[in-house]
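This report concerns only the one structure given below.
The values are calculated or read from the model by the stated rules, or taken from the named source; none is laboratory data. Nothing here was measured: the structure is a model prediction, and the numbers come from that model. Here the Cβ positions follow ideal geometry from the backbone for every residue, glycine too, while neighbour counts run over all protein chains shown.
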Amino acid sequence: MAAARRIVIDNGAIATVDAHDTEYARGYVVLNGNRIESLGAGAAPEGLENVVQRIDASGHLVTPGLVNTHHHFYQWITRGLATDHNLFDWLVALYPTWARIDEPMVHAAAQGSLAMMARGGVTTAMDHHYVFPRGCGDLSGAIVRAARDMGVRFTLARGSMDRGESDGGLPPDFAVESLDEALAATEETVRQHHDTSFDAMTQVAVAPCSPFSVSTELMRQGARLARRLGVRLHTHGSETVEEEKFCHELFGMGPTDYFESTGWLGEDVWMAHCVHMTDSDIAAFARTGTGVAHCPSSNARLAAGIARIPDMLAAGVPVGLGVDGTASNESGELHTELRNALLVNRLGAHREAALNARQALRLGTYGGARVLGRAAETGSLEPGKLADLVLWRMDTLAHASIADPVTALVFGAAAPVTASFVNGRRIVENGRLLTADEDAIARSTREQARRLAAIAAR
């Protein structure tokens, strides 16, 4: 590897989250350009050339950057609404408002969502955007632009809905696309924005919204489109008991069997939530390599239930963590999901054996990278992988008395981020974004939220 520019991180505790869960109580990481060049115990090697920065990581834990596997950025400007609803009632309450979004709103909301995640240790983000009202502008372009400017690695799951109110769906008819419109627009989004390179900053997935807002034909043709284009597939699955009842009534089978019948199980597929899964459902996901985006806070907020994450992991199902939209997880942060995943799953059948701290960290890093199809590039700290990593400060009042830094990170309060690197570029310093003006984003999101509320009230 050419010595383009090296950054040396020294004296920190390191959790690599590699296949052996290698950890160093005191170690180093050397970045060379956008790759991890070396890491290990003790001090960094002497005589390194072209070192442009040295960071003393004393009192810090160094981990891979967090990977978010499910989100809806546009919901940033509808936070705090319908706070006492289950999923279907929540959707009915909010779709009339969401159906009024436009390009300036979506761009501002994407900035807010990305900023909150990035300052909290997320280095790879994703957005499942499926609301495209007629005449709303270039929403996909606005989202991709926001991610590019923020400097995070990004997957846009180009969503779609073709089942409006007149066809028994939940969204207003003017907020859904026709089958042909959805397929054509999705293919164009892939053509414009999907990058297949190892260090790609933007990738695109095909992502019809859910069984109750999408026709069977859109599911089938969407799967064929994704495989023809060589991109991944994403949707919502098995989120609530109401969804399971809907699938049985409409299709004569449960969600997992329906997904399999439409080509929606496979190593190139991941689904959000997967709360209500039977043993046979989990076995089908494991057999086909279908991934899961676990969203514990959103599942609790909407009273959806507790996903069987320990059983999925035991079966070999790929599992990552997701924020979900901020209208059902107002914090908008992924690092809090490490703790919530562990705590919520301990309320389930496996109790204290459900998850431990290192399993939770793996869900939020390597697990997420695997779900997004990027485990070869990111998700763990290993030589040759992309330089996406975070320095968490562990020597403050909130964590200093906890001896094990991984336990402190997962069980303790949200840890301050001293530095976050994406592709070898530092995007956070001492808890503040270097790539965006947080105060300006706060003003913009507040203005767009008020604008949307006023339009929706007409």
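For Thr326, which of the numbered conditions (1) among the polar types (S, T, N, Q); (2) under 25 Å from Ala110 (Cβ atoms); (3) in a helix (DSSP H, G or I) fails to hold?
Result: Thr326 passes all but (3).
Yes or no, residue by residue, for (1) buried (at least 18 other Cβ atoms within 10 Å of the Cβ); (2) basic (Lys, Arg); (3) within 18 Å of Ala207 (Cβ to Cβ); (4) in the same structural domain as Ala307 (by TED's automatic domain parsing):
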position: Glu249; (1), (2), (3), (4): no, no, no, yes
position: Pro255; (1), (2), (3), (4): yes, no, yes, yes
position: Phe259; (1), (2), (3), (4): yes, no, yes, yes
position: Thr262; (1), (2), (3), (4): yes, no, yes, yes
position: Glu267; (1), (2), (3), (4): no, no, yes, yes
position: Thr278; (1), (2), (3), (4): no, no, no, yes
position: Ile282; (1), (2), (3), (4): yes, no, no, yes
position: Arg287; (1), (2), (3), (4): no, yes, no, yes
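Any chance you could count how many residues in segment 233-247 are crowded, with 24+ Cβ neighbours inside 10 Å and assigned to a loop (DSSP other than H, G, I, E, B)?
2
I need the full set of residues from segment 126-167 which are surrounded by fewer than 16 Cβ atoms within 10 Å (Cβ to Cβ), touching a residue at least 40 places away in the same chain (Cβ under 8 Å) and in a loop (DSSP other than H, G, I, E, B), in order please.
Within segment 126-167, Arg134 is the sole residue that qualifies.
Going by the conditions given, is Gly112 within 26 Å of Arg425 (Cα to Cα), part of a loop (DSSP other than H, G, I, E, B) and within 21 Å of the chain's Cα centre (by Cα)?
no
With the structure loaded, tell me whether Leu321 is at pLDDT 95 or above, closer than 14 Å to Leu363 by Cβ, out of contact with any Phe, Trp or Tyr (no Cβ under 9 Å at 6 or more places or on another chain) and surrounded by fewer than 24 Cβ atoms within 10 Å (Cβ to Cβ) or whether it fails that test.
For Leu321, the condition - at pLDDT 95 or above, closer than 14 Å to Leu363 by Cβ, out of contact with any Phe, Trp or Tyr (no Cβ under 9 Å at 6 or more places or on another chain) and surrounded by fewer than 24 Cβ atoms within 10 Å (Cβ to Cβ) - is not met.
Kindly state which strands (runs of 3 or more DSSP E) lie completely within segment 23-80 and contain at least 2 residues that are modelled with pLDDT of 95 or more and of a type in the set (Val, Ile, Thr).
23-32, 51-56, 60-64
Would it be correct to say that Leu183 is in a helix (DSSP H, G or I) and within 23 Å of Val323 (Cα to Cα)?
On the way: in a helix (DSSP H, G or I): yes; within 23 Å of Val323 (Cα to Cα): no.
The answer is no for Leu183.
So, in segment 5-22, exactly how many residues are out of contact with any strand residue (DSSP E or B) (no Cβ under 8 Å at 6 or more places or on another chain) and either in a strand (DSSP E or B) or over 28 Å from Gly320 (Cβ atoms) (or both)?
Result for segment 5-22: 0.
Going by the conditions given, is Ser297 assigned by TED's automatic domain parsing to the domain that holds Leu91, in a helix (DSSP H, G or I) and closer than 26 Å to Val92 by Cα? Reasoning before the result, please.
Numbers: assigned by TED's automatic domain parsing to the domain that holds Leu91: yes; in a helix (DSSP H, G or I): yes; closer than 26 Å to Val92 by Cα: yes.
For Ser297, the condition - assigned by TED's automatic domain parsing to the domain that holds Leu91, in a helix (DSSP H, G or I) and closer than 26 Å to Val92 by Cα - is met.
Looking at (1) surrounded by fewer than 19 Cβ atoms within 10 Å (Cβ to Cβ); (2) touching a Phe, Trp or Tyr at 6+ places or on another chain (Cβ under 6 Å); (3) not charged (D, E, K, R), can you tell me which one Ala44 breaks?
That leaves (1) as the condition not met.
Do the conditions hold for Asp195, that is, is it acidic (Asp, Glu), surrounded by fewer than 17 Cβ atoms within 10 Å (Cβ to Cβ) and either touching a helix residue (DSSP H, G or I) at 6+ places or on another chain (Cβ under 9 Å) or within 24 Å of Cys247 (Cβ to Cβ) (or both)?
No; evaluated as a whole, the condition is false for this residue.
For the structure I just gave you, tell me whether Ala375 is of a type outside the set (Val, Ile, Thr), touching a Ser or Thr at 6+ places or on another chain (Cβ under 9 Å) and without any contact (Cβ under 8 Å) to a residue 60 or more places away in the chain.
No.
Name the residues in segment 266-279 that are in a loop (DSSP other than H, G, I, E, B) and either under 20 Å from Met126 (Cα atoms) or of a type in the set (Val, Ile, Thr) (or both), would you?
Scanning segment 266-279 gives Gly266, Glu267, Asp268, Cys274, Val275, Thr278.
Within segment 248-265, can you find the residues that are among the hydrophobic types (A, V, I, L, M, F, W, C), touching a residue at least 40 places away in the same chain (Cβ under 8 Å) and not in a helix (DSSP H, G or I)?
Trp264, the sole residue that qualifies.
Do we have any residue at all in segment 64-86 that's of a type in the set (D, E, K, R), free of Cβ contacts under 8 Å to residues at least 60 places away in the same chain and outside the structural domain of Gly141 (by TED's automatic domain parsing)?
Scanning segment 64-86 turns up no residue that is of a type in the set (D, E, K, R), free of Cβ contacts under 8 Å to residues at least 60 places away in the same chain and outside the structural domain of Gly141 (by TED's automatic domain parsing).
Just for segment 406-426: of the residues that are crowded, with 22+ Cβ neighbours inside 10 Å and in contact with a Phe, Trp or Tyr (Cβ under 8 Å, 6 or more places away or on another chain), which one is farthest from Gly120 (Cα to Cα)?
Leu409
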